[in-house]
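All remarks here apply to the structure that follows.
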Amino acid sequence: MTTVVLTTLGRIRSAGAGSGKLRALRKNRLAMTGGVIAAVFVLVALFAPLVAPYDPARPDFANALAAPGWSHWLGTDDLGRDQLSRVVYGARASMQVGVVAVALAFVVGVPLGLLAGYYGKFTDSVVSRLTDTMLAFPFLVLAVGLAAVLGPSLTNATIAIGISQIPAVIRITRAETLRLRHVDYVAAAVANGGGDATVLFRHILPNATSALTVQATVGIPAAIIGEALLSFLGLGVQPPDASLGVMLSGAQSFLAPAPWMAVFPGLAVVAATLAFNLLGDGLRDVLDPRGATR
């Protein structure tokens, strides 16, 4: 009976804490603004065929370099392709890379971070040295190098960006595991005969989700910028497919006669990255107040 009462009280406290965090997040106007803009990008990516008014790859030479107007709200490029449609599909590629690359980094990085932080000693040394080696290269430099080795394509760019984000995920997970493995409920689980898998996946990992959630919101905008850079350099999305980086690359020769070719995809990259960064800052303030005060 006592156990049931304590369990019920714990659930009530958890629910209350969750409601309080949600209210605190709602009061953060910048975070909510970022969340709304990020949600718009996600919806546009999901429903791109319905949102785009034209085929993004179809040329219309009669309307080449047309200024923004009623027929083409964001103008057209040098081949007469609708800029709005290409921005929509470019945002779709960016969201795809952002989500898939971060998911890849988490699938690899979280287990390695858990093992390094929980077992320590030899396991920690091996994982930490591997992480330090990868962190010796800046994120974008490592992504460009991996994409160049794998070959130019959206899939390979996603893999390269995901691999480049693994070290950051490992460090966050390892740090949280080192902090949590000494708390009372973990010690109690071990004393009650809980195995390593039970301790790691039922007690440590669920309580590390706050830090990992914040890391995900930081990783997505980094992946968006990475995809734009790789596509700009010809290592990501290949023409005639639409990508914000491909659009910026193609706009270099037309900055004077058609500045809208660079302005709108550039604004889309800025808006997407800023939105997720604002959301990540708000989540960090709410979920990890210790980090917010450091």
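The values are calculated or read from the model by the stated rules, or taken from the named source; none is laboratory data. Please read all numbers here as calculations on a predicted model, not as lab measurements. Cβ sites come from the backbone with ideal geometry, for glycine too, and all protein chains shown count toward neighbours. Heads up: the accessible areas ignore ligands, DNA and RNA and are worked out on the full protein's heavy atoms, side chains in. Shrake-Rupley method; radii C 1.70, N 1.55, O 1.52, S 1.80 Å.
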| request: Have a look at Y54, Y185, Y89 and tell me which one the Gaussian network model of the chain (Cα, springs below 10 Å) gives the largest fluctuation. | output: Y185
| request: Please identify, among S231, S128, S164, the residue showing maximal mean-square fluctuation in a Gaussian network model of the chain using a 10 angstrom Cα cutoff. | output: S128
| said: Could you order the peptides 270-278, 136-144 from most to least packed, using the average number of other C-beta atoms within 10 Å per residue? | reply: 270-278, 136-144
| request: Among L46, L283, L22, determine the one that fluctuates most according to a GNM of the chain built with springs between C-alpha atoms less than 10 Å apart. | output: L22
| query | From the square roots a ≥ b ≥ c of the eigenvalues of the alpha-carbon gyration tensor of the stretch 9-158, which class results: rounded (a/c under 1.5), prolate (a/b over b/c), or oblate? | reply | oblate
| Among [x] 26.9; [y] 14.4; [z] 18.9, the entry derived from the coordinates for mean projected area of the Cα convex hull in nm² | [z]
| query | In nm, to one decimal, how far is the T33 label point from the V107 one, both placed 7 Å along Cα→Cβ? | reply | 3.6
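Work out which helices of the chain, taken as complete DSSP H runs, extend at least 30 Å along their axis over the Cα atoms and score a mean Kyte-Doolittle of 0.5 or more, then list them. Please report the intermediate quantities before stating the final value.
Details: long enough: 2-27 (38 Å, 0.07); 83-119 (53 Å, 1.28); 154-180 (38 Å, 0.75); 209-232 (34 Å, 1.33); 260-287 (40 Å, 1.31).
What comes out of the filter, once short or polar helices are dropped, is 83-119, 154-180, 209-232, 260-287.
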| request: Leaving out ligands and nucleic acids, note down the accessible area per residue over the chain with a 1.4 angstrom probe, in whole Å². | output: 52
| said: Can you tell me how the stretch 109-211 classifies by the Cα gyration tensor, rounded, prolate or oblate, using a/c under 1.5 as the rounded cut? | reply: prolate
| task | Per DSSP H run of n ≥ 4, the term is -39500 (n - 2.57); total these for the chain, divide by its residue number, and report the mean residue ellipticity at 222 nm rounded to 500 deg cm²/dmol. | result | -24000 deg cm²/dmol
| remark: Of the accessible area of the chain, computed with a 1.4 Å probe and all protein chains kept, carbon and sulfur make up a percent value of 67
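How large is the dipole of the chain about the Cα centre if only Lys and Arg carry +1 and Asp and Glu carry -1, each at its Cβ, rounded to the nearest 20 debye? Write down the numbers at each step before the final one.
Working: 21 positive and 15 negative charges, 249 e Å.
Dipole of the chain, to the nearest 20 debye: 1200 debye.
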